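What follows is a single structure, written as structure tokens, with notes after it.
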Amino acid sequence: MSTPVTETTSFASTAPKPLRQIHLHAYLAIFLILTAGCHGYSHLEIPTTDGFHSKLPAPYTRAVVWGGRPDTVQSASTWLLKRGLLVVDQTKVLQAAADQKVSLTGYQYLETDVLRMAKLVGARLVVFSNAEVGSWEALDWSAGIPHSQRVYSATISLRAVDVNTGEIEWSGKAQSPDRFSNIEEGISQLTCHALATAWGMRNPGATAPGNVCPQGSGTMVTEPQKPAANLHSIGRETLTPPMNN
């Protein structure tokens, strides 16, 4: 006489096919949530850049950095000072404009007026800076517990114009590949990479040596590498939504 065999069957194997699909979708959703938990926005990844130069300024060249965002102007000014340029403060240019009854406030000023006023204060170059910054609210799961934080995406463009000839001597642009939360460090890093590309210290594109603009170093830059080719054009790219250009 044979012994009866008891067969244990899981609910999943006997469940109707539609119900098994529901379970599969639920497991997939949980997996996506867990993998998203590893994502954070603390640091800016290496930005994508473009740039060129026809010539670079000699040490002690007097320059004015002009732009609408003080953080971009400050980052560019610090970078140029560390490269040996003499940076004239914007307030001197504004004072010269007031004496000449020329308006340089707001967004309606003429670049030719900026060049003219910069020449009056003894500058040979004006570095025009443009910052296009987008801002969003996002969930950060990096600590394991979701919390809301403001994140940013930005493109920084800079170009140096000779006040006497109006010629563009160099130009650089850096765009963040992903969103980041530290706006101060992000603007500093983007400005550094844009200038380093313009000056030939790193090649255009999405890769760069870690010693060019290391994280947390502000705008410190090492000695130049072999200059990149000067055949790269600069295009204006708008990020949405814009904020405080």
Do any GluC sites (Glu not before Pro) in the range 113-170 lie in a DSSP loop with no more than 14 other beta carbon atoms within 10 Å, and if so, which? GLU167
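Could you compute the net charge surrounding ALA58? Neighbours are other residues with a C-beta less than 12 Å from the C-beta of ALA58; K and R count +1, D and E count -1.
Values: positive: LYS55, ARG62, ARG83, ARG124; negative: GLU169.
With Lys, Arg at +1 and Asp, Glu at -1, the neighbours total +3.
At 20 °C and a viscosity of 1.002 mPa s, what translational diffusion coefficient does Stokes-Einstein give for the range 53-129, taking Rh as the Kirkwood radius over Cα pairs? Give it in µm²/s as a whole number. Working shown, then result.
Details: Rh = 12.7 Å.
Value of D from the Cα-based Kirkwood radius: 169 µm²/s.
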Would you tally the net charge around TRP170, using a Cβ to Cβ cut-off of less than 14 Å, leaving TRP170 out, and scoring K and R as +1, D and E as -1? +2
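Within 12 Å, Cβ to Cβ, of GLY67, how many net charges do the neighbouring residues add up to if Lys/Arg are +1 and Asp/Glu are -1? Walk me through the numbers on the way to the answer.
Working: positive: ARG69, ARG159; negative: ASP71, GLU111, GLU132.
Spelling it out: positives minus negatives among the neighbours equals -1.
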Rank-order 90-101, 46-57 by packing density, defined as the average count of other C-beta atoms within 10 Å over each peptide's residues, highest first. 46-57, 90-101
Label point distance in nm, LYS82-TYR109, each placed 7 Å from Cα along Cα→Cβ: 2.6
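If the range 87-141 were replaced by its equivalent ellipsoid, with semi-axes equal to the square roots of 5 times the Cα gyration tensor eigenvalues, what would those be, largest first, whole Å?
Values: eigenvalues 204, 34, 19 Å².
Each semi-axis is √(5λ); the values are 32, 13, 10 Å.
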What value does the range 48-198 have for Rg/Rh, both radii from Cα atoms and Rh as Kirkwood defines it? 1.05
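Explain nothing, just the number: dipole magnitude of the range 121-206 about its Cα centre with +1 on each Lys and Arg Cβ and -1 on each Asp and Glu Cβ, in debye rounded to the nearest 20. Before the final figure, lay out the partial values.
Details: 6 positive and 9 negative charges, 25 e Å.
Dipole of the range 121-206, to the nearest 20 debye: 120 debye.
Computed from the coordinates by the stated procedures, all read-outs in this text should not be read as laboratory data. Remember, it's a predicted structure, so these values are computed and weren't measured experimentally. When we count neighbours, we look across all protein chains shown, and the Cβ atoms used for this are built from the backbone with ideal geometry, even at glycine.
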